[in-house]
Amino acid sequence: MKNTASKVTAIVMLAFVSFFLVFTIIGHKTNSSSYEQDSSEHITELSFETLIDGRFSDTLNTLITRNFPARNSWIAANSAFQAQFNESIVNGVYVDEKMLLNAEISLRPSSEKSAQEIKKFRSLYSGAMYFVAVPTSSGVYEEYLPKYLLSNPESRQINTFYNSLGADIRQIDAYNILKMLNENYIYYRNDTKWTSYGAYCVYRTVIQKLGFIPIAYDKYTIEHVTNEFRGTLYSKTLYSGVKPDMIDSYKFSSGAEIAECIGFDNNGQAQKQTICDKKRLDSGNKYDFYAGGELPLLKISTSVNNERKILVIKDSFGDCFLPFLVQHYSEIAVVSPENLECSLSELINTEDYEQMLFIFGIDSISDSSNFEKLNL
């Protein structure tokens, strides 16, 4: 009798698994999240050819992972369960009721190679070069994380990187500025990046290092362009227990204005752009509101009449920083290495700019490919 019951249980389980397997493979993916960042990933179809060339197993695994019925609901339910009953780590994200944090900060590779590439690039530039290494939210709010996840905290990672750069590159301390202000809304709750206010707090120090007086906070008019931003950490957990974030636009109505903003692709083709585009608030990634797009170069001309020019080389942390520079420079060139597919010299002459400012989060600093591209 016991043997019969075991066989029945096995048959029922096999039928259950087979149903979900078939449904997953042939079913249409209708429940994907608009916040997922891998929409461009190409999935090969299952076929005899994939079986022959060895791609069948990988393709089947991807289909099951991405097309599993009610996938997003399963992920969200698992995140909620982990947050309530277990140590709250889901897909490398620490789930706290107040905010989501990257739980894998100690696993980043060394930044030594990145420092070498930057120094190589520095040797070819005669102007003043500045670097702002920005911690993620996990670095500033590390007290939320279990101690065993902090074997190599971000403060140490940034110090190690700065020591590798050497004195020829002027280093600006963003970490301690942000750490002192961490009771304010300086980081998003659902993303690793700083808010516009976080960027403003660091801008006040950066702009003085660059030789200007910062614009007072009360001179800006602040518009909350959306209060429904869910960032990259949310996309990994789909955990809705943390409040969505606001995205803000800072405007100095009596100050300088942008006269022209032109973007250039890797072929040097120009197109009109904007550094704050409300149309992008309707996209899957609302943060693209700030200098969104996939162009390697932006050139911004302003109404400032001082003939001062700066070249900004940045990752996504630099996007919401750009509006604060508008009040100080007649021309701002912005390079995004992640979108660069040609030699930088084909797009711009760096010697046209008296100052160069790097703004990168610690995640990007750990990826040397961002800086290798500058030396092509």
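Each reported figure results from applying straightforward, stated rules to the coordinates on display, with no laboratory input. Worth saying up front: this structure is predicted, and the values here are computed from it rather than measured. Because the Cβ atoms are built from the backbone with ideal geometry, glycine has one as well, and the counts that use them run over all protein chains shown.
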Along segment 163-171, Karplus-curve 3J(HN,Hα) (6.51, -1.76, 1.60; θ = phi - 60°) to the nearest Hz, with x for Gly and Pro, reads 4, 6, 5, x, 6, 6, 10, 6, 9
What's the local net charge at I359, with K and R +1, D and E -1, over the other residues with C-beta under 14 Å away?
-> -1
Work out from phi, with θ = phi - 60° and the Karplus expression 6.51 cos²θ - 1.76 cosθ + 1.60, the ³J(HN,Hα) of each residue of segment 201-218, listed in order in whole Hz, and give x for Gly and Pro.
-> 4, 7, 3, 4, 7, 4, 5, 5, 4, 7, x, 10, 8, x, 6, 5, 4, 6
Sequence-distant residues sharing a close amide H with L357 (under 5 Å, placed H) = Y130, L311, V312, I313
Which residues' amide hydrogens lie under 5 Å from the amide hydrogen of N102, considering only partners 5 or more residues apart or on another chain, with H built in the peptide plane?
-> Y94, S138
Obtain the nm distance between the two label points defined at D173 and I258 by a simple spin-label model: each point lies 7 Å from its Cα along the Cα-to-C-beta direction.
-> 3.3 nm
Please give the peptides 99-105, 327-333 ranked by average Cβ packing (other Cβ atoms within 10 Å per residue), highest first, as a rough proxy for protection.
-> 99-105, 327-333
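Full extension from E346 to N184: what is 0.36 nm times the residue separation minus their Cα-Cα distance, to one decimal in nm?
Numbers: separation 162, 0.36 × 162 = 58.32 nm, distance 4.22 nm.
So the extension gain works out to 54.1 nm.
Given the peptides 310-317, 241-248, 217-224, arrange them by the average over their residues of other C-beta atoms within 10 Å, most packed first.
Details: 310-317: 23.4, 241-248: 18.2, 217-224: 12.2.
Top to bottom by mean Cβ count within 10 Å: 310-317, 241-248, 217-224.
From the square roots a ≥ b ≥ c of the eigenvalues of the alpha-carbon gyration tensor of segment 185-314, which class results: rounded (a/c under 1.5), prolate (a/b over b/c), or oblate? Walk me through the numbers on the way to the answer.
Values: a/c = 1.97, a/b = 1.31, b/c = 1.50.
Oblate is the answer for segment 185-314, as a/c is 1.5 or above yet b/c matches or exceeds a/b.
Given the pairs K113/K278; K119/K251; K98/K236; K179/K272; K98/K286; K119/K278, which span a C-alpha to C-alpha distance of over 26 angstrom in this model? Could the numbers behind the result be given before it?
Values: K113/K278 38 Å; K119/K251 35 Å; K98/K236 17 Å; K179/K272 38 Å; K98/K286 21 Å; K119/K278 37 Å.
Too far apart for the 26 Å limit: K113/K278; K119/K251; K179/K272; K119/K278.
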Could you sort 196-207, 281-292, 252-263 so that the peptide with the highest average Cβ count within 10 Å comes first and the rest follow in order?
-> 196-207, 281-292, 252-263
Have a look at the DSSP beta bridges in segment 100-375 and tell me what percent are antiparallel, nearest 5.
-> 50 percent
Find the centroid of the Cα atoms in segment 320-376 and in segment 84-152, then give the distance between the two in whole Å.
-> 20 Å
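From the square roots a ≥ b ≥ c of the eigenvalues of the alpha-carbon gyration tensor of segment 226-376, which class results: rounded (a/c under 1.5), prolate (a/b over b/c), or oblate? Can you show the working numbers first?
Values: a/c = 1.95, a/b = 1.28, b/c = 1.52.
Since a/c reaches 1.5 but b/c is at least a/b, the shape of segment 226-376 is classed as oblate.
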³J(HN,Hα) across segment 130-136 via Karplus (A = 6.51, B = -1.76, C = 1.60, θ = phi - 60°), whole Hz, x for Gly/Pro?
-> 10, 9, 10, 8, 9, x, 7
